[in-house]
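Notes for the one structure printed next.
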Amino acid sequence: MLKIENLHVRYGNIEALHGISLYVKKGEIVTLLGANGAGKSTTLMSIMRLPPPEAPLITQGSITYNGVNLSDVPPHDVVAKHGIGLVPEGRRIFGNLTVFENLKLATYARKDMDQIHYDYERVFSLFPRLADRRNQRSDTLSGGEQQMLAMGRAFMCGADFILLDEPSMGLAPLLMQELFRVLKQLNETGTTIFVVEQNAHIALKYAHRAYLMESGRIVMEGSAKELSETPEIRKAYLG
Ligand SMILES: Nc1ncnc2c1ncn2[C@@H]1O[C@H](COP(=O)(O)OP(=O)(O)OP(=O)(O)O)[C@@H](O)[C@H]1O
Ligand SMILES: [Mg+2]
């Protein structure tokens, strides 16, 4: 489904990714682990091809999705035509809009009206807290609820491949578990997941496969079970 090959990207004169390769197959949950500054968000932004000034510059290598080279795709079509949704770092929901308005905004480019209706139901059943708060202003939601809304919004774009940037950040352990359980449910009903995390504990518990990134390079890859058993990961991330 997604294939990244020998990707080099830079910000100005500084190269942030030094030739990374990875893949995500349809139906998988794959996690990309790494410490602060490893290049995790840069990898996601390269896939989504966010507009400048945020976007890193791809200088070498390729990102293909279902055989299509994403560098040939206009950025808005990455979401609208290819069904790739991003849950960004820091969530970036519209605080002055209600929960429902935020979800509705995500559907603006969709034409499958019948399916949209069904997808709202799906989001509200996955996240009953959002259903209870559907007419509440989003800036009054708790951090965990905002993360749920950000996930719901990516789903409402019509995405069947969802990228998440550190969804566990700032959340209490119980809430993290709840979010990852929902991710698992989404996955079991057909959504492919690529999740960037510093929290290896939780990510390896739910992912099928994992990559470890250090300073812009992939230094380890394997099944989640294999990675959670390696001494390096145990020492550095699992305590
Ligand atoms: N807009 C930018 N301009 C210049 N350098 C940047 C920019 N964004 C990121 N970088 C650099 O690229 C490298 C990778 O950053 P990135 O944000 O991808 O890391 P990360 O793994 O997501 O870290 P974190 O866990 O802290 O979010 C870092 O050295 C960072 O300083
Ligand atoms: Mg980041």
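Data for the structure
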quantity	calculated
Filtered residues of the stretch 85-109 (kept if surrounded by 15 or more Cβ atoms within 10 Å (Cβ to Cβ), in a loop (DSSP other than H, G, I, E, B) and of a type outside the set (A, V, I, L, M, F, W, C))	Pro88, Glu89, Arg91, Thr107
Tally, over the stretch 151-177, of residues that are among the hydroxyl-bearing types (Ser, Thr, Tyr) and part of a helix (DSSP H, G or I)	0
The stretch 193-209, subset out of contact with any Asp or Glu (no Cβ under 7 Å at 6 or more places or on another chain) and among the small types (Gly, Ala, Ser), residue farthest from ligand 2 (Cβ to nearest atom)	Ala207
Failed item, numbered, when Val9 is tested on (1) part of a strand (DSSP E or B); (2) surrounded by fewer than 18 Cβ atoms within 10 Å (Cβ to Cβ); (3) over 17 Å from the mean Cα position of the chain (by Cα)	(2)
Filtered residue count, the stretch 183-227, keeping only those that are in contact with a helix residue (DSSP H, G or I) (Cβ under 6 Å, 6 or more places away or on another chain), crowded, with 17+ Cβ neighbours inside 10 Å and not in a strand (DSSP E or B)	7
Residues of the stretch 19-29 that turn out to be part of a strand (DSSP E or B) and surrounded by fewer than 22 Cβ atoms within 10 Å (Cβ to Cβ), as a count	4
Complete set of residues in the stretch 132-143 that are surrounded by fewer than 20 Cβ atoms within 10 Å (Cβ to Cβ) and assigned to a helix (DSSP H, G or I)	Asp132, Asp139, Thr140, Gly143
In the stretch 47-72, residue surrounded by the fewest Cβ atoms within 10 Å (Cβ to Cβ) [restricted to those that are touching a strand residue (DSSP E or B) at 6+ places or on another chain (Cβ under 8 Å) and without any contact (Cβ under 8 Å) to a residue 40 or more places away in the chain]	Asn69
Hits in the stretch 159-179 - residues which are more than 16 Å from ligand 1 (Cβ to nearest atom) and within 20 Å of Lys26 (Cβ to Cβ)	Ala159, Asp160, Phe161, Ile162
Out of Glu89, Glu54, sole residue that is farther than 22 Å from Leu183 by Cα, of a type in the set (Asp, Glu), within 16 Å of ligand 2 (Cβ to nearest atom) and modelled with pLDDT under 90	Glu54
Flag for Thr43 being closer than 30 Å to Leu141 by Cβ and either more than 14 Å from ligand 2 (Cβ to nearest atom) or modelled with pLDDT under 95 (or both)	no
Criterion: within 10 Å of ligand 1 (Cβ to nearest atom), in contact with a helix residue (DSSP H, G or I) (Cβ under 7 Å, 6 or more places away or on another chain) and not in a strand (DSSP E or B) - qualifying residue of Ala16, Ala38, Ala55	Ala55
Members of the stretch 148-180 that are farther than 20 Å from Arg122 by Cβ and within 16 Å of ligand 2 (Cβ to nearest atom)	Asp165, Glu166, Ser168, Met169, Gly170, Leu171
Conditions (1) loosely packed, with under 15 Cβ neighbours inside 10 Å; (2) over 19 Å from the mean Cα position of the chain (by Cα); (3) within 25 Å of Asn199 (Cα to Cα); number of the one not met by Arg129	(1)
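The values are calculated or read from the model by the stated rules, or taken from the named source; none is laboratory data. All values derive from a computational prediction rather than experimental measurement. FYI the Cβ positions are ideal-geometry reconstructions off the backbone, even for glycines, and counts take in every protein chain you see.
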